[in-house]
Each structure stands twice: as structure tokens, then as C-alpha cells.
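The values are calculated or read from the model by the stated rules, or taken from the named source; none is laboratory data. For clarity, every value in this text was computed on a predicted model and none was experimentally measured. All Cβ positions, glycine included, derive from the backbone under ideal geometry; neighbour counts span all protein chains shown.
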């Protein structure tokens, strides 16, 4: 007769053992500024409704009635590009997922569209949110063009969303003839600029192979193979030069792309050059910036500086002359493919006699270069940049920062989500990577703690010069929120370095961590 009471007790206790939300994909994967988007989060939600959080202001996430359904409201002035969403409840939080804020109208792919003959007509400009949902899947979209009109079709799948695809894009004529094809324009993602030879309807066809090659020969697909396909005949900024401008100053930029109304622009307070379809970010640096694509340096550059250069047919190795002081190390950071450009860089430092003193390449294909150079004597040196595969062209642009290698430290943590129980302190170790002879004493800190949570400097289990501990103590259950933790110099309130956690699925790190406070564990 006591069984019903036992069942009630189990039901009441169930939420205490619920797992936190786990989200694998979002569909659609983005939305237009000034709209509210109905988003489905695929994964598990043991309790409902869950809540949503975004890494930037201007994007609000609200749960709908049905499990896994959210309304994402995007403000008209929300920042363009990828933002990061997290879903949470009293049990904890999901990992971060990318969501792309755009400036064009958007629509969702509707099946069937596997063949050119049944491709839906897309009124451009438009961003199509789609999924190569199963093995063998092919997606087709028809676009009507006038003679001489240029269509830009750009796919974002692997580089931002980390879909497990190496996609291919084709432009077909009405009778199915392949007129244009691209495979890897931006990393593993294709992009095509096609000019119509005559008025008519043309078909953009998308299919993919797995991004991690296997032994199969097939078109690849799965529910995780989400993408965003931009189709436009309006302005599309491919890239700009220079790639960096000094903070607080206007910068004159040269634009490259398609359907542009002007090929120059002035960068004011904004850090983003707006093409109707493709915003391009320009770095703002606190030191002089030089555009060596417009004119080579007429004298050696003195660090700190940022230089934009290009490797072309007439200049298969771009050379940046510098001056440096003996024994004072310099940090060299070079980016190209990391910015969506085409140079796979090899960097060399040469002395005045042409002797190689340093050679550096990216740690991984598609990455940038981080190197340190200590001049053996004061004087002039040359930094030479070329392409690993001896490839050249307008998109073989690079941005290189050369700065004094000041003592510094970076901190990492093992996870991006933590749970602390009321009455039971949580110790979070921070692993330190000290650079360039950093020797100052460090203490841990926390910003943005939820109500009822306090932080103090913890004591490591054993002394370790490359680690510190942050201790969190909670008095109020049922609260959670984003936090940042890190290290600072003892006695120096101005020095703060936020700790990051790895996001291996997206090949990035995040400093936006999450803390959940749970009730006291049963005794």
C-alpha cells in the first residue's frame, strides 16, 4: 500500500538528478538582424523550459512551448558575424554553439530539392539555411539572372559552424551543364562568382564529402551537416586592405569583391566593412599600422607595428624590413587563412647578409604563425613571407604583428562549465603558461559571480609554480550564470588575464565560462 507514496517520492526527486541540457545542432544556424527566428535545438533537455544565453548583447533567446524550440530575437544593431549561444537550467548548461547574425533576408531549405529540375527558385539576395541531412544528399537552388549579372554563391559550413563536411558547389545551366565549380575557396568551404552569359535560370548545386576523409566514395551527409548559403547579386566584399588600422584613427581601405559600388572606403569608428552580403572585420591595433600592398616600406619599420602584405606573381616573397635591438626578443604573429584568405605562410627572418636566423610555419594547416625572434645584434633585418605551396594571387594577403616580447602569462581551465554545491567549496585549478620570463606573483579572481557565490584564493594540493587555485563558495541554490575567472598580479589591479577553456569541436578557446549552484548534497 506504500508503493504510490514511493512513486511520488521518486517523481519529486527526479529533477535533482536531471542532466543539464546537451545541444548538438541548431537549425537554422543564424538569422537576419531586426528579426525573430524560430530555432530548433537538437539534443536533450531533461527539464523544460530551458533558458538561453548569448555571448553578446542584442540577441535574446526564449524557450517556446515545445521542447527544443526557441525564439531568437535579434536586435537591428546586433553585431554581425558568429555569436555564441548556451542553453541552461537548474542542472547545468550546454556547451557553446555558434549562431550567425547576418544582414540579408533568410529562408530555410525545403526538401525535395535533390535535382536541378525540382530546385526551388530563390529570390536573391537571400541566405539559405540548409542541411545535407543524409548520405547521398544533394541540395539545389535556382536563381534567375539577367545577361551579364554576377551571382555570388558563398557557403559557410565548416569554417564557422564546424559542420563535418568538405563541400563542393556547382553552377548549372538549365539543361544541367556544369558552368562553374569550386571546392575550397575559404578553408574547406566553396565560393563561386558566376556571371550569366545570357538571361535565364541557373542552378546552384551543393554536395559534400566528409571533412575527415575515410575509405568511402560517396556524397556525405548527416543531421550535423548544417550550412548557410549566401546567394546575392548585390555588393559582396571578399576582403579589404589593409587588414589592420591604428585604434582611434580613420583608415582608407581598398575593397575587393563583386558587384561593388565603390572600391575604396573610409573606416571610421566601426571595425567592420559592410558589404551587403559579407561583412569583413578590420583589426584595430594600439600601434602604427602599415599597408605594404599599396607601397613597399621605404625604410625599416620599428616595432611595435602591424603590416599588411601580399604575395604576388611579381613578388613571390613579400619582404618586411625591420630594425631591432640586440637581445630584445620580438613576438611575430602572422595571419592569412585564419582570416579567410589564401596564403599558407612560411616566415623567415634574415640578417643584412641574407643569412636565415629563424624559420616558422603554422603549427597546423590553416592556422597562423606564432614565433619569437631574439636579434643577435642591433641593426636591420628582413622578414620574408612566402606561400608554402608557392601559390600567389590577390587573395594571398597577410597581416603580421611585430611587437616586443613582454613578460606575460596565459591561464587555462579544464572545462567551460562548473557546478558548486551549497556548503561545499569548489576548487578550480588554473594552469599557467608564463612567457618571456614572467616572474610576478599571481592570484586568482572571478568576475560576474551569481548572487550568493563568493570567490577566494584557494590552496593547491601541492606547491606548483605553474598553477593557482580559485575557490568558490555558495550559499544560495538554484542560481547560475556566465562568469569569467583568471589571474592577476598581486598588488596590481590593472593586470588581469582571463582564463580560457578549449572548445575542440570548433578549434577555439572561450573565456565565457558558466557556473551552476546546486543544493547541498544529501548526508
Step by step: first the residues of region 337-356, then only those that are in a strand (DSSP E or B) and surrounded by 14 or more Cβ atoms within 10 Å (Cβ to Cβ), then the one that is farthest from the chain's Cα centre (by Cα). Which residue is that?
350
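Residues checked against (1) over 25 Å from the mean Cα position of the chain (by Cα); (2) within 25 Å of residue 37 (Cα to Cα):
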residue: 100; (1), (2): no, yes
residue: 104; (1), (2): no, yes
residue: 109; (1), (2): no, yes
residue: 130; (1), (2): no, yes
residue: 141; (1), (2): yes, yes
residue: 146; (1), (2): yes, no
residue: 150; (1), (2): yes, no
Residues 372, 331: which one is out of contact with any helix residue (DSSP H, G or I) (no Cβ under 6 Å at 6 or more places or on another chain), buried (at least 16 other Cβ atoms within 10 Å of the Cβ) and touching a residue at least 60 places away in the same chain (Cβ under 8 Å)?
331
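Each row is one residue, and each column tells you yes or no for (1) assigned to a strand (DSSP E or B); (2) over 23 Å from residue 495 (Cβ atoms).
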residue: 376; (1), (2): no, yes
residue: 380; (1), (2): yes, yes
residue: 386; (1), (2): yes, yes
residue: 389; (1), (2): no, yes
residue: 394; (1), (2): no, yes
residue: 400; (1), (2): yes, yes
residue: 403; (1), (2): yes, no
residue: 411; (1), (2): yes, no
residue: 418; (1), (2): yes, yes
Filter result for the condition that a residue is crowded, with 18+ Cβ neighbours inside 10 Å, part of a strand (DSSP E or B) and over 23 Å from the mean Cα position of the chain (by Cα), over 192, 204
204
Strands (runs of 3 or more DSSP E) wholly inside region 38-126 that include at least 2 residues being farther than 29 Å from residue 138 by Cα and either without any contact (Cβ under 8 Å) to a residue 24 or more places away in the chain or in contact with a helix residue (DSSP H, G or I) (Cβ under 6 Å, 6 or more places away or on another chain) (or both):
59-63
Only one of 30, 58 that is over 17 Å from residue 129 (Cβ atoms) and either assigned by TED's automatic domain parsing to the domain that holds residue 511 or at pLDDT 95 or above (or both)
58
Would you mind finding the one in 414, 364, 433 that is free of Cβ contacts under 8 Å to residues at least 12 places away in the same chain and either outside the structural domain of residue 159 (by TED's automatic domain parsing) or more than 28 Å from residue 283 (Cα to Cα) (or both)?
364
Can you tell me which residue among 18, 41 is touching a strand residue (DSSP E or B) at 6+ places or on another chain (Cβ under 9 Å), modelled with pLDDT of 95 or more, surrounded by 14 or more Cβ atoms within 10 Å (Cβ to Cβ) and more than 28 Å from residue 281 (Cα to Cα)?
41
Within region 295-321, take every residue that is within 17 Å of residue 406 (Cβ to Cβ) and surrounded by 14 or more Cβ atoms within 10 Å (Cβ to Cβ) and give me the one that is farthest from the chain's Cα centre (by Cα).
303
Among the numbered criteria (1) out of contact with any strand residue (DSSP E or B) (no Cβ under 9 Å at 6 or more places or on another chain); (2) free of Cβ contacts under 8 Å to residues at least 60 places away in the same chain; (3) closer than 27 Å to residue 100 by Cβ, which one does residue 177 miss?
(3)
Search result, residues across region 420-437 that are surrounded by fewer than 17 Cβ atoms within 10 Å (Cβ to Cβ), on the phi < 0 side of the Ramachandran plot and not in a strand (DSSP E or B)
425
Residue 227 passes all but one of the listed conditions (1) surrounded by 18 or more Cβ atoms within 10 Å (Cβ to Cβ); (2) free of Cβ contacts under 8 Å to residues at least 12 places away in the same chain; the exception is number (2)
May I ask you to list the residues in region 236-254 that are assigned to a loop (DSSP other than H, G, I, E, B) and at pLDDT below 95?
247, 248, 249, 250
